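The values are calculated or read from the model by the stated rules, or taken from the named source; none is laboratory data. This one's a predicted model, so the numbers in the text were calculated from it and none came from an experiment. All Cβ positions, glycine included, derive from the backbone under ideal geometry; neighbour counts span all protein chains shown. Accessible surface is based on the protein model in full, side chains and every heavy atom, while ligands, DNA and RNA are left aside. Shrake-Rupley method; radii C 1.70, N 1.55, O 1.52, S 1.80 Å.
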Amino acid sequence: MNSTSAFAMHELSKESRMGARGQETNREVRIIDLSNFDQRKASIADELWQASTEIGFFQVSGHGIPLEDINAAFARAEQFFALPQEVKGRYPLNRNAGWEYRAQIRPSTGKPDQKESYQVTRPRMSGLWPDEDTLPGFREAVLAFERQCWAVGMKLLSCFALKMGFPEEFFRQAHDPSKETYQSTLRMLHYFALTGEADGPWRAGAHTDFDCLTLLFQQAGQGGLQVCPGKELETQSWTSIEPLEGLITCNIGDMLMRWSDDQLPSNFHRVRSPLPGESVEARYSLAFFCQANEDVVIEGPDKKYPPITARDYLAQRISANFSGKY
């Protein structure tokens with residue numbers, strides 16, 4: 001287990017030892033405008049780096065994905081999750097592709113997250129797509145949205161490449177969708193409606209992401225995402241990140257933390273459960289995980305950690321977070 005994984009496993013257990021909910025703290029989660037990207041790239045890179053080193057989270061506007069495309073993607077997710085269980089069961093999760101139902105157990109809670117998800121990893125989707133009779137046009141539309149997410153992710157990662165002293169196209173080449181080793185993933189998520197209990201189930205327990213960069217789409221009125229920077233873990237000081245229409249919420253993952261020689265923090269976050277007696281409706285979100293191709297070697301500019309392939313690194317992190325198959 002590498003040092004990032006060991007740190008995560010140790011710290012994640014604190015949530016259950018110290019009380020599940022902690023305290024609420026206001027922090028600034030910066031909104032960074034990506035418009036006129038080519039002309040403003042240097043200043044955007046500075047803004048991204050500052051936000052990421054401070055809290056590990058930021059939101060972006062001017063990213064180029066039209067609001068109607070985002071809304072259509074949410075509608076497709078709702079259509080998929082409305083399918084009968086026996087139909088969704090035809091597409092079981094395998095190697096980070098397919099459908100899972102309450103299968104993700106966080107070390108922080110020891111309980112399954114109260115959600116289901118459908119994951120799209122392009123080279124691994126054989127037999128995992130609903131057919132045209134079940135969901136007409138679903139495959140084509142989902143792949144088109146996945147490509148839009150990839151393009152935004154590569155824009156952002158090109159800024160981090162500049163700040164880390166790598167060539168501008170470094171991360172684009174490391175996340176090459178034309179190769180069979182491609183393993184970036186689009187995940188559709190459906191969190192179940194819940195009423196809070198004193199020791200009730202978690203929507204999503206505290207965790208770090210194990211990718212390079214996560215792009216998260218949320219819907220207005222369906223909040224719950226909270227972040228806790230590493231230095232606040234002892235006091236369990238959490239900040240809510242409210243969904244704003246058209247914005248993408250982004251966070252640094254474990255893979256980029258290692259690649260940056262720990263300059264960029266991968267911070268803990270969760271989807272909070274309702275307070276005792278509080279009821280919350282179903283929540284849908286869309287996440288795109290920028291995960292370097294399987295054969296790409298992760299090694300930081302200062303070589304703080306030994307080199308490791310992205311496949312081996314991701315397998316380590318998934319085994320620590322999933323009871324399902326990788």
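Report, by residue number, each residue of region 148-192 that is assigned to a loop (DSSP other than H, G, I, E, B) and touching a residue at least 60 places away in the same chain (Cβ under 8 Å).
Scanning region 148-192 gives Gly165, Phe166, His175, Asp176, Lys179, Thr181, Tyr182, Gln183, Ser184, Phe192.
Can you name every residue in region 34-45 that is in a helix (DSSP H, G or I) and free of Cβ contacts under 8 Å to residues at least 60 places away in the same chain? Explain how you work it out, then say what you get.
So in region 34-45, the residues in a helix (DSSP H, G or I) come out as 37-45.
Listed by number, the residues that qualify are Asp38, Gln39, Arg40, Ser43.
Condition check ((1) open to solvent by less than 20 Å² (accessible area, probe 1.4 Å); (2) closer than 27 Å to Pro243 by Cα) across all residues:
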position: Phe57; (1), (2): yes, yes
position: His63; (1), (2): yes, yes
position: Phe74; (1), (2): yes, yes
position: Glu78; (1), (2): no, yes
position: Gly89; (1), (2): no, no
position: Lys115; (1), (2): yes, yes
position: Pro123; (1), (2): no, no
position: Leu128; (1), (2): yes, no
position: Pro136; (1), (2): no, no
### Query
Among (1) more than 21 Å from Tyr101 (Cα to Cα); (2) in a strand (DSSP E or B), where does Gly205 come up short?
(1)
### Task
Search region 58-80 for residues that are within 26 Å of Phe160 (Cβ to Cβ) and pair each with any residue that is at pLDDT below 95 and open to solvent by 40 Å² or more (accessible area, probe 1.4 Å) when their beta-carbon atoms are under 6 Å apart and the residues are at least 6 apart or on different chains.
Phe58/Arg30
### Query
Can you tell me which residues in region 50-75 are touching a strand residue (DSSP E or B) at 6+ places or on another chain (Cβ under 8 Å), outside any loop (DSSP other than H, G, I, E, B) and not hydrophobic (A, V, I, L, M, F, W, C)?
Ser52, Gln59, Ser61
### Message
Scan region 89-100 and tell me whether some residue there is more than 27 Å from Gly300 (Cβ to Cβ), assigned to a helix (DSSP H, G or I) and at pLDDT below 95.
### Response
no
## Note on the structure
Every listed condition ((1) modelled with pLDDT of 80 or more; (2) under 21 Å from Ile252 (Cα atoms); (3) out of contact with any Lys or Arg (no Cβ under 8 Å at 6 or more places or on another chain); (4) not aromatic (Phe, Trp, Tyr)) holds for Arg40 save (2)
### Task
Please enumerate the residues belonging to region 145-178 that are surrounded by 14 or more Cβ atoms within 10 Å (Cβ to Cβ) and either basic (Lys, Arg) or in contact with an Asp or Glu (Cβ under 8 Å, 6 or more places away or on another chain) (or both).
Phe145, Gln148, Lys155, Ser158, Ala161, Leu162, Lys163, Arg172
### Task
Check off (1) modelled with pLDDT under 80; (2) hydroxyl-bearing (Ser, Thr, Tyr); (3) open to solvent by less than 10 Å² (accessible area, probe 1.4 Å) for Thr235 and give me the number that stays unchecked.
(3)
### Message
Anything in region 257-309 that is more than 18 Å from the chain's Cα centre (by Cα), at pLDDT below 95 and within 30 Å of Ile70 (Cβ to Cβ)? List them, or say none.
### Response
Ser273, Pro274, Leu275, Glu278, Ser279, Val280, Glu281, Ala282
